[in-house]
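What follows is a set of notes on a single structure, which appears directly below.
Nothing in this text is a laboratory measurement; each read-out follows from the coordinates by a stated rule. For clarity, every value in this text was computed on a predicted model and none was experimentally measured. Note that each Cβ is placed from the backbone with ideal geometry, even for glycine, and that neighbours are counted across all protein chains shown.
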Ligand code: PBG
């Protein structure tokens, strides 16, 4: 009973039909927008590799947060690039630091906008790694976890709506949960970058967050792009440690991982369409080689179809305009 009784094109013949049978729909409620906080006032320093994205001083972050909230973006995630860097990422332990300042200012100005904070050490360390470096050059897991938990507490105390550890050390979710709970922040959710790969697609971000490693690479802590079963293990471990949401990152090259993770846990799954995924589309569209808007819709639809509930993307404001 195949063709000619069966004709798949019957349900594709008009926009009205296509609307009716569409399986995946993007919505403004899906997106989280990254902001990069830098020192100073009235600073809007464009990130050359990411057209439309800028490093912003705290006051400009507030203006940007207002603008994206007006477009319907439900949440932002804050990164910072402090000017003082040292071996221990001390700048991130300062309650008066860039991220705590930005959290307070944004929550005061736009209370309905959720403010997530990325928790990592790389953009405040002089060596650019995501944890503490031992004399041997190895990254020390357990002391890094202690510092990461302290950073998360600083952000929770500033009023962050969620803390999002992106370092890929083992046991950081449990350590963060315990420290937050002991200090009166049992209600602050943890968004775990649970399956974060050692990816070539972070290049432009490292310009934005000034966080490139000074030596070596991140392959001893971020995941091998070849592994998918391991992602399931990472995600289950993080949920057991208390993660409220889990993330797969990058998104586009890891759609199978998003699908497997979605089928393995019941917590919301976040996918991060990272800087390189964004910059590829921007670069090709600026040359007229690709339609930016159609490519943004197609990649984000694919990520949602794979199983992501939420997507962190530099297209968030544009998507809210286009939808
Ligand atoms: C920090 C961090 C990175 C990204 C988010 N958090 C970079 C890295 O691990 O090197 C990448 C985000 C992007 O590329 O958009 N650890």
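Against the chain, whose longest principal axis comes from its Cα atoms, helix 229-241 is set at around 60 degrees. Does region 24-322 classify as rounded, prolate or oblate by the C-alpha gyration tensor (a ≥ b ≥ c root eigenvalues; a/c under 1.5 gives rounded; else a/b over b/c gives prolate, otherwise oblate)? Because its axes are fairly even, with a/c under 1.5, region 24-322 counts as rounded. The simple spin-label model puts a point 7 Å past each Cα toward its Cβ; for residue 146 and residue 212 those points are separated by 3.3 nm. Computed over region 269-323, relative contact order equals 54 percent, with contacts defined as Cα pairs under 8 Å that lie 6+ residues apart. For the chain, the share of DSSP beta bridges that are antiparallel, to the nearest 5, is 15%. Note on region 1-83: antiparallel DSSP beta bridges, both residues inside, total approximately 25 percent of the bridges counted. Taking 0.36 nm per residue of separation and subtracting the current Cα-Cα distance, fully stretching the chain between residue 43 and residue 22 would add 3.3 nm. Rounded to the nearest 500, the helix-only mean residue ellipticity at 222 nm of the chain stands at -11500 deg cm²/dmol, with each DSSP H run of n ≥ 4 adding -39,500 (n - 2.57). How far is helix 141-158 tilted, in degrees, relative to the longest principal axis of the Cα atoms in the chain, given as a value from 0 to 90 rounded to the nearest 10? Between helix and principal axis, roughly 80 degrees.
Our note on the geometry: Cα centres of region 256-274 and region 66-137, 24 Å apart.
Inter-part distance, region 241-255 to region 300-314, computed on C-alpha centroids, equals 11 Å. Once a ≥ b ≥ c are taken as the square roots of the eigenvalues of the Cα gyration tensor of region 156-267, is the result rounded (a/c under 1.5), prolate (a/b larger than b/c) or oblate (a/b not larger than b/c)? Because a/c hits 1.5 or more and a/b fails to exceed b/c, region 156-267 counts as oblate.
Sorting 5, 132, 127 on the 10 Å Cβ count, fewest up front, what's the list? Let's see the in-between values first.
On the way: 5 6, 132 23, 127 19.
Ordered from fewest to most neighbouring Cβ atoms within 10 Å, 5, 132, 127 come out as 5, 127, 132.
Packing, as the average of other Cβ atoms within 10 Å across residues, places the peptides 224-236, 252-264 in the order 252-264, 224-236, highest first. Here the simple spin-label model places points 7 Å from the Cα toward Cβ, and for residue 15 and residue 66 these points are separated by 3.5 nm.
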